[in-house]
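What follows is a short report on a single structure.
The values are calculated or read from the model by the stated rules, or taken from the named source; none is laboratory data. Small disclaimer: the values here were computed from a predicted structure and weren't measured. Note that each Cβ is placed from the backbone with ideal geometry, even for glycine, and that neighbours are counted across all protein chains shown.
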Amino acid sequence: MNEALPLIWRRIPERYNMLGSKCLNCGTPYFPQRKMCPKCRRKGKIVAEKMPTEGTIYSFTEVHAAPKGFEQETPYFLAMVELSNGVRVLSQVVDSPADKIKIGAPVNMVFRKISEDGEEGVIAYGYKFKVK
Amino acid sequence: MDVGIISYGAYVPRMRIKSEEIARVWEKEGKKISAGLGITEKAVGAVDEDSATFAVEAARKAVKCSGIDPQKIGAVFVGSESKPYAVKPTATIVAEAVGATPFMTAADFEFACKAGTAAVQACMGMVGSGMIEYGLAIGSDTAQGRPNDPLEYSAGGGAAAYIIGKEKQIAEIEATFSFSTDTPDFWRRQHALFPRHAGRFTADPAYFKHVVEAGKGLLEKIKADPRDYDYAVFHQPNGKFPLRAAKLLGFPEEKVLQGLVTPLIGNTYSAASLLGLASVLDIAKPGERIFVVSYGSGAGSDAFSLTVTEEISRKGARPSVLVKDLISGDKEYIDYAMYAKHRRKLKSL
Ligand SMILES: [Zn+2]
């Protein structure tokens with residue numbers, strides 16, 4: 001895990017509660033957060049918005065060769081999850097039997113360890129998904 | 001004191017290892033060990049779970065069932081003996097994850113298996129005195145057992161969370177009574193990976209002495225009798241101790257069974273008596289009374305007397321997934337090798 005401590009800290013609202021954004025002008029939700037609505041430009045008004053905690057699997061892959069820091073977890077499932085508001089997020093799908101992980105499967109958000117900086121470093125927590 | 005439980009939430013991890021599988025690895029008699037402990041299998045957290053993630057899962061359910069704005073929670077206390085950090089509170093992780101931060105107080109409690117009920121008492125005091133409107137008390141553990149130690153068969157994992165307050169209680173806590181002494185029956189030193197225990201010494205002068213004294217003390221304090229209660233929940237380090245404690249106090253076995261969860265998930269330490277209580281609240285009817293006694297090595301017991309209110313019948317007052325479904329629903333059996341990997345018992349991991 002190579003993520004810097006200030007970044008881990010700044011991402012807590014995003015990772016713990018899926019705090020994203022919404023444009024009040026056109027209603028489009030964004031995750032992660034945005035400072036500006038690309039559709040409305042200067043007319044847009046961006047506010048913080050929690051994402052829904054439920055969705056479906058849009059696509060997925062089984063990871064056998066993991067990046068550094070995740071070697072202990074292989075094999076694991078990485079999925080593009082489409083949240084109930086249409087926003088898509090890339091996340092691990094955990095705690096689910098392999099035969100239930102398929103396109104269209106309903107999932108909900110769970111709270112897990114994302115990574116840890118060795119035995120003595122800080123632990124990053126956040127959202128993952130589980131098949132319902 | 002008119003303080004009570006507003007809502008509760010429970011969490012049990014999905015993986016299970018059977019006592020017989022652990023015995024197989026150490027070439028012991030699995031059936032005999034399993035029968036002796038009254039534990040057939042225990043719940044095991046995944047590689048990306050710890051007592052903080054368990055606590056968050058349980059707390060989120062409690063907050064959801066309460067229907068309250070989490071910003072009104074004035075205190076978050078987490079009791080655990082398997083904290084992910086030796087220094088840095090789990091309570092702030094939970095508080096952030098349930099949306100209670102930042103105008104609140106938080107702390108972690110440690111008192112072996114009774115840290116969770118100590119957290120409940122602290123919340124009762126703060127709510128009762130008017131310092132806070134609501135308090136969140138959690139017991140959570142990914143219990144740690146040294147390989148080939150008798151504790152390895154019983155050390156499970158889970159969490160239970162309770163929101164304590166005055167308005168819209170699902171159960172009133174009429175009274176609480178504690179009994180504590182300096183008894184070194186089980187401990188873990190600062191840099192040790194696994195706890196140590198005093199073998200048979202953990203029974204009579206430790207568990208039974210404290211549970212019985214706290215239980216008796218509470219009954220005397222409020223002039224009650226075991227016959228006044230519909231359910232009794234005791235700390236459950238195995239499947240046998242709580243039944244004997246009940247007998248010593250005069251509670252028949254049938255009042256204990258609904259709150260006995262250890263046989264199928266193991267000893268969940270700080271969560272054990274609180275998960276047992278959650279299992280009772282899952283089915284208890286308005287007017288029914290519940291007697292609860294925790295036990296923490298070191299040593300102490302907290303006893304509570306509760307009466308369920310009409311509020312428990314409100315739609316959404318109970319979590320959608322009951323404790324019995326957490327225990328017997330979706331689960332996955334693992335062998336010792338997978339268990340060692342997920343609980344990081346292999347030192348090279
Ligand atoms: Zn817009």
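Things to note:
- Residues in segment A:12-41 that are away from the ligand (no atom under 12 Å from the Cβ) and either touching a residue at least 24 places away in the same chain (Cβ under 8 Å) or within 13 Å of another protein chain (Cβ to nearest Cβ) (or both): A:12, A:13, A:14, A:15, A:16, A:17, A:18, A:19, A:20, A:31.
- Hits in segment B:122-141 - residues which are among the aliphatic types (A, V, I, L, M) and surrounded by fewer than 24 Cβ atoms within 10 Å (Cβ to Cβ): B:122, B:124, B:126, B:131, B:132
- Of everything in segment A:79-117 that is at positive phi and more than 12 Å from chain B (Cβ to nearest Cβ), the residue that is surrounded by the fewest Cβ atoms within 10 Å (Cβ to Cβ) is A:104.
- No other residue among B:242, B:226 is assigned by TED's automatic domain parsing to the domain that holds residue B:199 and surrounded by 24 or more Cβ atoms within 10 Å (Cβ to Cβ) apart from B:242.
- Any hit, segment B:197-213, residues being surrounded by fewer than 21 Cβ atoms within 10 Å (Cβ to Cβ), more than 28 Å from residue B:44 (Cβ to Cβ), among the hydrophobic types (A, V, I, L, M, F, W, C) and not assigned by TED's automatic domain parsing to the domain that holds residue B:73: yes
- Test: residue in segment A:52-60 that is more than 30 Å from residue B:333 (Cβ to Cβ), away from the ligand (no atom under 16 Å from the Cβ), surrounded by 11 or more Cβ atoms within 10 Å (Cβ to Cβ) and of a type outside the set (D, E, K, R): yes
- Test: residue in segment A:42-50 that is within 16 Å of the ligand (Cβ to nearest atom) and within 13 Å of chain B (Cβ to nearest Cβ): yes
- A count restricted to segment B:5-36 and to residues that are within 17 Å of residue B:273 (Cα to Cα) and either more than 16 Å from the chain's Cα centre (by Cα) or among the aromatic types (Phe, Trp, Tyr) (or both) stands at 2.
- For segment B:214-223, the set of residues classified as surrounded by fewer than 19 Cβ atoms within 10 Å (Cβ to Cβ) and in contact (Cβ under 8 Å) with a residue 40 or more places away in the chain consists of B:217, B:221, B:222, listed by residue number.
- Flag for residue B:311 being within 14 Å of chain A (Cβ to nearest Cβ) and either among the aromatic types (Phe, Trp, Tyr) or surrounded by fewer than 19 Cβ atoms within 10 Å (Cβ to Cβ) (or both): no
- Segment B:49-72, residues that are crowded, with 24+ Cβ neighbours inside 10 Å and touching an Asp or Glu at 6+ places or on another chain (Cβ under 8 Å): B:51, B:54
- Residue satisfying condition, being crowded, with 22+ Cβ neighbours inside 10 Å and assigned to a loop (DSSP other than H, G, I, E, B), within set B:190, B:169, B:144: B:169
- The single condition among (1) within 11 Å of chain B (Cβ to nearest Cβ); (2) loosely packed, with under 15 Cβ neighbours inside 10 Å that residue A:76 does not meet is (2).
Here's the yes/no breakdown for (1) in contact with a Lys or Arg (Cβ under 8 Å, 6 or more places away or on another chain); (2) away from every other protein chain (no Cβ under 12 Å); (3) closer than 14 Å to residue B:136 by Cβ; (4) among the basic types (Lys, Arg):
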{"residue": "B:26", "(1), (2), (3), (4)": "no, yes, no, no"}
{"residue": "B:39", "(1), (2), (3), (4)": "no, yes, no, no"}
{"residue": "B:48", "(1), (2), (3), (4)": "yes, no, no, no"}
{"residue": "B:56", "(1), (2), (3), (4)": "no, no, yes, no"}
{"residue": "B:64", "(1), (2), (3), (4)": "no, no, yes, yes"}
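- Of the numbered criteria (1) within 14 Å of chain A (Cβ to nearest Cβ); (2) farther than 26 Å from residue B:79 by Cβ, the one residue B:336 fails is (1).
- Subset of segment B:247-298 (residues that are at pLDDT below 95 and crowded, with 24+ Cβ neighbours inside 10 Å): B:297
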